[in-house]
1. Looking at 49, 74, 60, which is the one that is without any contact (Cβ under 8 Å) to a residue 60 or more places away in the chain and not in a loop (DSSP other than H, G, I, E, B)?
2. May I ask you to list the residues in the stretch 66-82 that are within 11 Å of residue 117 (Cβ to Cβ) and small (Gly, Ala, Ser)?
3. Would you please name the residue that is most open to solvent (accessible area, probe 1.4 Å), looking only at residues in the stretch 41-79 that are hydroxyl-bearing (Ser, Thr, Tyr) and farther than 20 Å from residue 135 by Cβ?
4. Give the stretch 1-11 a look and list any residue that's among the acidic types (Asp, Glu) and open to solvent by 90 Å² or more (accessible area, probe 1.4 Å), or say none.
5. Checking residue 6 against (1) more than 14 Å from residue 103 (Cβ to Cβ); (2) in a loop (DSSP other than H, G, I, E, B), which single condition isn't satisfied?
6. Tell me, yes or no, whether the stretch 20-28 has at least one residue that is modelled with pLDDT under 95, hydrophobic (A, V, I, L, M, F, W, C) and within 13 Å of residue 129 (Cβ to Cβ).
7. If the Cβ limit is 7 Å and pairs must be 6+ apart or interchain, which residue in the stretch 109-120 that is closer than 14 Å to residue 12 by Cβ pairs with which residue that is crowded, with 21+ Cβ neighbours inside 10 Å and of a type outside the set (A, V, I, L, M, F, W, C)?
8. Please go through the stretch 146-163 and give me each residue that is over 14 Å from the mean Cα position of the chain (by Cα) and either crowded, with 16+ Cβ neighbours inside 10 Å or of a type in the set (D, E, K, R) (or both), ordered by number.
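The values are calculated or read from the model by the stated rules, or taken from the named source; none is laboratory data. Here the structure is a predicted model, which is why all the values come from computation and not from measurement. Neighbour counts are summed over all protein chains in view; Cβ atoms, including those assigned to glycine, are modelled from backbone coordinates with ideal geometry. The accessibility values were calculated without ligands, DNA or RNA, using every heavy atom of the protein model including side chains. Shrake-Rupley method; radii C 1.70, N 1.55, O 1.52, S 1.80 Å.
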Amino acid sequence: MSESAPLEPPDVLTALGASFRLYEHPGVVDPVEVCAALGVPLERTVKTLAFVTPEDRLLLAALPGHARLRYGPLARAAGIRRGDLSPADAGRLARAGMRPGGVCPVSSDGAALVVFDETVGGLGRVHCGSGRPDSSIEIDAGALVAAVPAAVMARIGDVPTASEPAREPV
């Protein structure tokens with residue numbers, strides 16, 4: 001007997017009874033390109049960065065789209081060492097019903113650890129990944145956080161000042 005494919009984030013949200021809209025757009029992964037395709041500012045998005053722990057547990061970090069991830073606080077919130085954070089590859093994301101470029105904090109991976117930046121819940125209506133690089137979810141940020149009841153809330157993002165660009169460190 002073969003295992004069924006994991007549910008994609010929109011299917012998980014539907015099963016939870018969450019209210020959201022799905023928007024299709026060209027398959028783009030750069031946040032600025034996604035915003036241009038949707039016609040929304042970066043500040044109205046939630047980006048999710050995917051990592052794996054040494055035990056192969058999926059770790060999803062969700063923060064405002066214009067914020068820079070603070071790796072040390074993320075590792076502390078997850079209960080691991082900073083050096084144990086490794087980017088999730090396409091195969092690991094596929095096991096959670098997602099593909100690179102469309103990572104969402106909501107997944108069918110029941111063992112995933114999700115850490116939301118403490119500001120996300122108050123952002124109002126936002127766009128986030130849908131599990132695929134060619135579509136995005138529009139949802140109330142509070143509903144997005146509520147869809148992951150076991151999530152950890154922590155200050156994992158730094159919002160840039162007007163004079164600095166919003167990008168992840170290399």
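1. Checking each option against the conditions leaves just 60.
2. Of everything in the stretch 66-82, those that are within 11 Å of residue 117 (Cβ to Cβ) and small (Gly, Ala, Ser) turn out to be 67, 77.
3. Residue satisfying both the conditions and the ranking: 71.
4. 3 - this is the single residue of the stretch 1-11 that is among the acidic types (Asp, Glu) and open to solvent by 90 Å² or more (accessible area, probe 1.4 Å).
5. Looking at each condition in turn, residue 6 falls short on (1).
6. Yes, the stretch 20-28 contains a residue that is modelled with pLDDT under 95, hydrophobic (A, V, I, L, M, F, W, C) and within 13 Å of residue 129 (Cβ to Cβ).
7. Close Cβ pairs satisfying both conditions: 114/105.
8. Within the stretch 146-163, 154, 155, 158 meet the criteria.
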